[in-house]
Structure formats: structure tokens, C-alpha cells
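Trainee: Before we start, here is the structure in question, set down as C-alpha cells.
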Amino acid sequence: MKVRLLFTDRDPDVRSRVPARADDLIRDLGIEALLEVMAAGDERVRDQLAPTLLSPLDDVAEIAYRQDVLLDFLALPGLAEALHRLAAHAVDSPRRTRTWLFGKDPSSVMRRSRDILADLLSDLHELRTLADDHADRCRSAGLTAMFATVRTELPDDYFPLVEGHLQRLQFSSGVVMTAAIGPSGQGTGYVLRKPHSTKRTWRQLVGLGDPDSYTYRLPDRDEAGARAMMALESIGINLVADAL
């Protein structure tokens, strides 16, 4: 989403707003200490500060828009810090995920992506809570529009829907696929399917399987068979891994 707290119709483009000889200007104005205090050790904030401060506005409406946002933040202590902490936590989500445990095969990519999405979902929960708690207390056009967008894009039924998808992608009941027989008896047309039910029937509980299906059980210590099964699984979940 577009935050648009600095401008009414766009987010800032840091690269295009850095004036020529910015470093010299910062040194001449003696504002390096000010930038460091404002950033409070956050390099991402520090990178945004100089272009913003060194690109002053000259449009009255834009100045009023930005000042109204500032007045809201002053009237709602802690809101700016909460939004900053939440954004920083979300941006760091991929780094927090233990990438060194995972490879580049579809199964590994899917597991890592699923974990990142689960982590980000908690951030979205908190963002929606912030919007609900503060939307009616904001007066500025900038924050009002931002929180309205959050509540529209993250409706109440969004979270259980995504949580259900992530739970299903745990594949706790195994991977269900369909396929066809291609040339030379090779499998083709692999499609990942949603299981009908995770509940086991009484025939399955006693080891009889389904009455209208054939079952092949991989023998113990069949390493070649295990590799073949993993290859089939990777084919089936490849599109899902890419999407995640």
C-alpha cells in the first residue's frame, strides 16, 4: 500500500530528491548531529531524513497536509513509534527466518516462504489493531486515508482465510496430487490438490485403505524410492512455492 504521509498523491522517491552535493550541504548547515538524533540509530530512517530535510516544500497545501499529519502524531503519543517499530519488524522478517536451514528446492522454498508469511501475518494483525484503535481519533487527511486503506485491505475475514491457507500448507496429512500418464509411461500434468478432509476413515484406521483406490507403500530403506517420491512432491508443489 502507499503510505502517503509526506505527500498527498505519492510516496517520496529518495533517489530523485537528493540534491546535488548533499554531503557538503549537510556539513555546511551543521545538521549531522540533528540527523543522528532523529534517526536514533536506525539507518533506514537516517537514509530518509537528509533527502526530506534538504527538499523543502514550497506549496502551501502540501505544507498544511504534512503539518496536519504531524499534529495527529503529537496528539497521539506513541503512534509514530508503534508504526515505525511494526514496519521495521516486518522488513526484517526474511532475515529472522533461518535461511541457512533451507535449500533452493521447492519444498525448502515453500517452507521458508510459509514461515515468513506467518511472521508477517502477525504484523498485519497488529497493523489492523492500530488502525482500529486510532482511525476515529485522527483528524489529518494523511493518517485518515492510510488507516482507511488498512481496514479495507485487511477485513475481518482476511486473517482466518490466510491462516487457513498457511495451516493447509503445512501438509500435515501429506501432499495430494493428481497426474496423468504421458509418453513412455512417464507422469505428466501434475496438479496439487486440496485434500477433501483431514479426518481418517475407519478403513484407513484399521489399515484397509480406501475401497476405490490403490495404495503403494514405500519399503523401508528404499533410498531410491524415497528420492523419487521427493522429486514427485517437488513437481507438485513447485507452483505453490513460486507463489509463496
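The values are calculated or read from the model by the stated rules, or taken from the named source; none is laboratory data. None of the values given here were measured: they were computed from a predicted structure. Neighbour counts are summed over all protein chains in view; Cβ atoms, including those assigned to glycine, are modelled from backbone coordinates with ideal geometry. These accessible areas exclude ligands, DNA and RNA; they are computed on the full protein's heavy atoms, side chains included. Shrake-Rupley method; radii C 1.70, N 1.55, O 1.52, S 1.80 Å.
Trainee: Keeping to the range 1-60, report how many residues are under 19 Å from Ala80 (Cβ atoms), open to solvent by 70 Å² or more (accessible area, probe 1.4 Å) and at pLDDT below 80.
Mentor: So the answer is 1.
Trainee: Which residue is nearest to Ala231 (Cα to Cα), if the candidates are limited to the range 184-211 and must be modelled with pLDDT of 65 or more, open to solvent by 100 Å² or more (accessible area, probe 1.4 Å) and out of contact with any strand residue (DSSP E or B) (no Cβ under 9 Å at 6 or more places or on another chain)?
Mentor: The extreme case among them is Gln186.
Trainee: What residue, of Arg139, Arg151, is assigned to a loop (DSSP other than H, G, I, E, B), open to solvent by 50 Å² or more (accessible area, probe 1.4 Å) and in contact with a helix residue (DSSP H, G or I) (Cβ under 7 Å, 6 or more places away or on another chain)?
Mentor: Arg139
Trainee: Which ranges mark the helices (runs of 4 or more DSSP H) fully within the range 22-135 that have 3 or more residues being closer than 30 Å to Ala243 by Cα?
Mentor: Where helices (runs of 4 or more DSSP H) fall fully within the range 22-135 and carry at least 3 residues being closer than 30 Å to Ala243 by Cα, they are 79-91, 93-96, 106-134.
Trainee: On to the next question. Would you point out the residue of the range 117-131, among those that are without any contact (Cβ under 8 Å) to a residue 24 or more places away in the chain and open to solvent by less than 60 Å² (accessible area, probe 1.4 Å), that is nearest to Arg85 (Cα to Cα)?
Mentor: Ser122
Trainee: Only one of (1) under 28 Å from Glu126 (Cβ atoms); (2) more than 21 Å from the chain's Cα centre (by Cα); (3) at pLDDT 90 or above fails for His89. Which number is that?
Mentor: All conditions are met except number (2).
Trainee: Six or more apart or on different chains, Cβ under 6 Å: which pairs go from a residue in the range 164-183 that's exposed (fewer than 14 other Cβ atoms within 10 Å of the Cβ) to one that's not in a strand (DSSP E or B)? Could you list them?
Mentor: Ser173/Pro195; Ser173/Thr198; Val176/Arg193; Val176/Pro195; Thr178/Arg193
Trainee: Six or more apart or on different chains, Cβ atoms under 8 Å: show the pairs whose first residue is in the range 8-37 and closer than 24 Å to Ala145 by Cα and whose second is charged (D, E, K, R) and at pLDDT 80 or above.
Mentor: From the range 8-37, the pairs are Thr8/Glu62; Arg10/Lys2; Arg10/Arg4; Asp11/Lys2; Asp11/Arg4; Val14/Asp47.
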